[in-house]
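Heads up, the thing below is written out as structure tokens.
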There are 2 protein chains.
Amino acid sequence: MKPEGRKQEIIDSAAILFKERGYSAVTMRDLARAMGIKAASLYNHIQSKQEILASIIIDLAEHFTTGMNEIVKSDLTIIKKLEKIIELHIDITLTNADGLASLNNDWMHLEEENLTYFEQMRHDYEENFRQIVRTGVNNGVLANNNIEIIVFSTLSTLRTLYLWYPKQRTIDPDILKKDMITVLLKGII
Amino acid sequence: MKPEGRKQEIIDSAAILFKERGYSAVTMRDLARAMGIKAASLYNHIQSKQEILASIIIDLAEHFTTGMNEIVKSDLTIIKKLEKIIELHIDITLTNADGLASLNNDWMHLEEENLTYFEQMRHDYEENFRQIVRTGVNNGVLANNNIEIIVFSTLSTLRTLYLWYPKQRTIDPDILKKDMITVLLKGII
DNA sequence: TAGTAAAACTAACAATCGTTAGTTTTGTAG
DNA sequence: CTACAAAACTAACGATTGTTAGTTTTACTA
């Protein structure tokens, strides 16, 4: 499915380093050392440092976009849609926790084309989320709180999952989904 | 109260740039340009780039530590303590939203002494938070969900406030506090 | 075993990094 | 007006950055 060659190994290795120190603080020599080769050798497989970042972020963003679009055009209830969104974030976190760090913290280092593309996807994603919440509030199925606060607080938690999950690997993914749905939707009191 | 001289102006200016691009991607020449002077002139006021980062982060971390310690040793109910924690985060966000970006994303670039100090403060803060939640669950005043998930989801939202609040400046702080308490503690359904 | 393509290497480049030294300008108090 | 300190400046340093060019090694396949 994925082009699992040397290039993908480099990208995966880079994602780990970017997660630990951020894109700008990781040098090509750092990345090469992590791969056990010299910096110049990286360029037999990749075109630039920027290409690595773009590959990490754009792939993930498109994954989120695809998942959200499917949820939006489904005919599930509002509550079920929100549950699906939570599950989408958890699934992606489980399979690509490292890359999510770049998506969250290093997207601003994307260059012109990819930056615009990313920002568009993020905007659409948030707007879809907002619309679902808005509908839920209007229908009375969600409590009548400030919509922006609901969207922000839920999304904040989901976006930061990647920081927390690796420390809790013992939790079963299905239990995690269930508990997260309970906490995020029904509150903690 | 604060030493509001040229040095603090540089630190405040740096916090804005660090928020936009991250510590490693901001050069001393960038910072100097933002101040309208040359890079070398910065060194009449500060000792190093590292000192700026440490000043931003340690000040904030100590602020959180002080606030949490007061809440812990108070004799408020568990619910009231959680409300106080939410208010603490909102208050700090309102007065120093820029610096919070460094606290969240650039703490790993602190050097040995300050890095250890910061990590200790963060650990203690989280442990205090966890203990309050644990007590609440044991007393039955909080729902019996996974404690780690409660702590993580609440803290994620509070820590990310700095990203969101500047876009919503029209919201009155007291209303924000009230709504945030409702959403975080009582859920959105 | 000879040929070939992938993937590593050495060496170096121009640009930029944080920082220092030494000098000049600016603003204020006597 | 003079003296002085604060705060700016110019010029440069050694180190490091992403990247390129050209070469050698490695691993298969015919």
Simple spin-label estimate for residue A:7 and residue A:69 in nanometres, 7 Å along Cα-Cβ: 2.2
Distance from the range B:65-116 to the range A:120-161 (C-alpha centre basis), Å: 26
Residue-normalised accessible area of the protein assembly as shown, expressed per residue, 1.4 Å probe, Å²: 49
Folded to 0 to 90 degrees: helix A:49-73 orientation relative to chain A principal axis, Cα: 20
Nearest-first distances (nm) between copies at residue B:69, label 7 Å from Cα via Cβ: 5.4
Approximate spin-label separation residue B:174-residue B:30, in nm, with each point projected 7 Å along Cα-to-Cβ: 4.0
Restricting the range B:34-117 to chymotrypsin sites (Phe, Trp or Tyr not before Pro) in coil, as DSSP defines it, with at most 16 other Cβ within 10 Å: B:43
Karplus (6.51, -1.76, 1.60) ³J(HN,Hα), θ = phi - 60°, over the range B:86-92, in Hz, Gly and Pro reported as x: 4, 5, 4, 5, 5, 4, 5
Relative contact order, percent, the range B:100-168 [alpha-carbon distance under 8 Å, six or more residues apart]: 30
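Using alpha carbon coordinates only, what is the Rg to Rh ratio of the range A:49-186, with Rh defined as the Kirkwood radius? It would help to have the intermediate numbers written out before the result.
Numbers: Rg = 15.3 Å, Rh = 15.7 Å.
Rg/Rh for the range A:49-186 comes to 0.97.
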Sorted largest first, extent of the protein assembly as shown alpha carbons per principal axis (Å): 59, 56, 38
Where rotation carries B onto A, the chain B residue whose Cβ is nearest that axis, in whole Å: B:187, 1
7 Å along Cα→Cβ, label-point gaps from residue A:16 to other copies, nm, shortest first: 4.0
Accessible area, probe 1.4 Å, largest first, for residues B:167, B:84: B:167, B:84
Label 7 Å beyond Cα on the Cβ vector: residue A:50 copy-to-copy distances, nm: 3.2
Relative contact order (percent, whole number), chain B, Cα cutoff 8 Å, 6+ residue spacing: 24
Counted charge near residue A:147, where neighbours are those whose Cβ lies closer than 13 Å (Asp, Glu -1; Lys, Arg +1): -2
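The values are calculated or read from the model by the stated rules, or taken from the named source; none is laboratory data. It should be emphasised that the depicted structure is a prediction, and the values quoted were computed from it without experimental measurement. Virtual Cβ from ideal backbone geometry, glycine too; neighbours counted across all protein chains shown. These area figures cover heavy atoms from the full protein model, side chains too; ligands, DNA and RNA do not enter into them. Shrake-Rupley method; radii C 1.70, N 1.55, O 1.52, S 1.80 Å.
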